[in-house]
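Here is the structure we will look at.
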Amino acid sequence: MILTVGNTKGGVGKTTLAVNIAIARALAGRDVWLIDGDRQGTAQMAISIRAEAGHAPGIACATYPDGPALRSQVQQQAHKFDDIIIDAGGRAALILSDVLLVPFQPRSYDVWDLGDIAALIDEARSVRDGLRAYAMLNCADPGEASIDNAEAAAAVANVPQFEYLVSPIRRRKSFANAAGQGLSVLEIKPADKKANEEFLSLIGAFF
Ligand SMILES: Nc1ncnc2c1ncn2[C@@H]1O[C@H](COP(=O)(O)OP(=O)(O)O)[C@@H](O)[C@H]1O
Ligand SMILES: [Mg+2]
């Protein structure tokens, strides 16, 4: 499966989710390729930290900030992997993807951005049938996710290109702690049970 974690907006958790999803799939025994489509290379950095710390399984990772290069590389190499997880590859990645996961934060200005992405989805679907697009809440405030969820679900309902995934991830330090160690939230010690549950529930929705 080719999955892109995308949003035209920064700071919504694309890299965090892409790295966690890639590691989770590798832990499940899949051959995974993580692609960093952002010139800042944050996903690549997390995987380098992981490699230097010697955490297994290792994750194959490449950075292609240039859309056409990303597209041609994925087209050439896709057969070698079970799952390809793309962090923010933009338009080029969407055309190749089976699933688009759009994290957004529980504030209305993030929700407005969904309109821009909806246009990209229309464009990708005109080239390639069957792109599934999901929106989900990331960094929901603890305790307030039910209100946020209701508001987000209502906002996403106005954007027919998306399906709203009722699998919010709340703001949890363990995501940042894990990233700093090159780990996924499933691997850190001591385990953050709630973060594990939320994250597994999220990936269970599309894998
Ligand atoms: N669920 C979460 N809980 C706490 N911090 C988070 C969560 N998701 C992301 N973050 C933090 O928010 C910041 C931005 O996330 P990042 O994944 O880099 O966003 P993007 O790739 O969309 O710019 C990072 O410091 C990251 O550690
Ligand atoms: Mg990023």
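The values are calculated or read from the model by the stated rules, or taken from the named source; none is laboratory data. Note that this is a predicted model, so its numbers are computed, not measured. Neighbour counts are summed over all protein chains in view; Cβ atoms, including those assigned to glycine, are modelled from backbone coordinates with ideal geometry. The accessibility values were calculated without ligands, DNA or RNA, using every heavy atom of the protein model including side chains. Shrake-Rupley method; radii C 1.70, N 1.55, O 1.52, S 1.80 Å.
Couple of notes before you dig in:
- Residue ID - most open to solvent (accessible area, probe 1.4 Å), chosen from residues in region 1-30 that are within 12 Å of ligand 1 (Cβ to nearest atom) and of a type in the set (Ser, Thr, Tyr): Thr8
- Some residue of region 180-189 being part of a helix (DSSP H, G or I) and either open to solvent by 80 Å² or more (accessible area, probe 1.4 Å) or under 25 Å from Val99 (Cα atoms) (or both): no
- Boolean, Asp66 is open to solvent by 60 Å² or more (accessible area, probe 1.4 Å) and more than 13 Å from ligand 2 (Cβ to nearest atom): yes
- Output for region 104-131, where each listed residue is surrounded by fewer than 15 Cβ atoms within 10 Å (Cβ to Cβ), modelled with pLDDT of 80 or more and on the phi < 0 side of the Ramachandran plot: Gly115, Asp116, Ala119, Asp122, Glu123, Ser126, Val127, Arg128, Asp129
- Checking Gln40, Gln44 one by one, the residue that is polar (S, T, N, Q) and at pLDDT below 95 is Gln40 and no other.
- Residue among Gln76, Gln44, Gln40 that is under 15 Å from the mean Cα position of the chain (by Cα) and either within 29 Å of Arg170 (Cβ to Cβ) or without any contact (Cβ under 8 Å) to a residue 12 or more places away in the chain (or both): Gln44
- Yes/no for Ala195 being of a type outside the set (S, T, N, Q), over 21 Å from Thr4 (Cα atoms), surrounded by fewer than 14 Cβ atoms within 10 Å (Cβ to Cβ) and at pLDDT 95 or above: no
- Residues (closer than 23 Å to Phe206 by Cα and either free of Cβ contacts under 8 Å to residues at least 24 places away in the same chain or touching a Phe, Trp or Tyr at 6+ places or on another chain (Cβ under 7 Å) (or both)) located in region 59-69: Ala60
- Those residues of region 1-37 which are among the charged types (D, E, K, R) and either on the phi > 0 side of the Ramachandran plot or in contact (Cβ under 8 Å) with a residue 60 or more places away in the chain (or both), in sequence order: Lys9, Lys14, Arg25
- Residues that are of a type in the set (Lys, Arg) and either within 12 Å of ligand 2 (Cβ to nearest atom) or over 22 Å from Gln73 (Cα atoms) (or both) within region 7-42 comprise Lys9, Lys14, Arg39, listed in sequence order.
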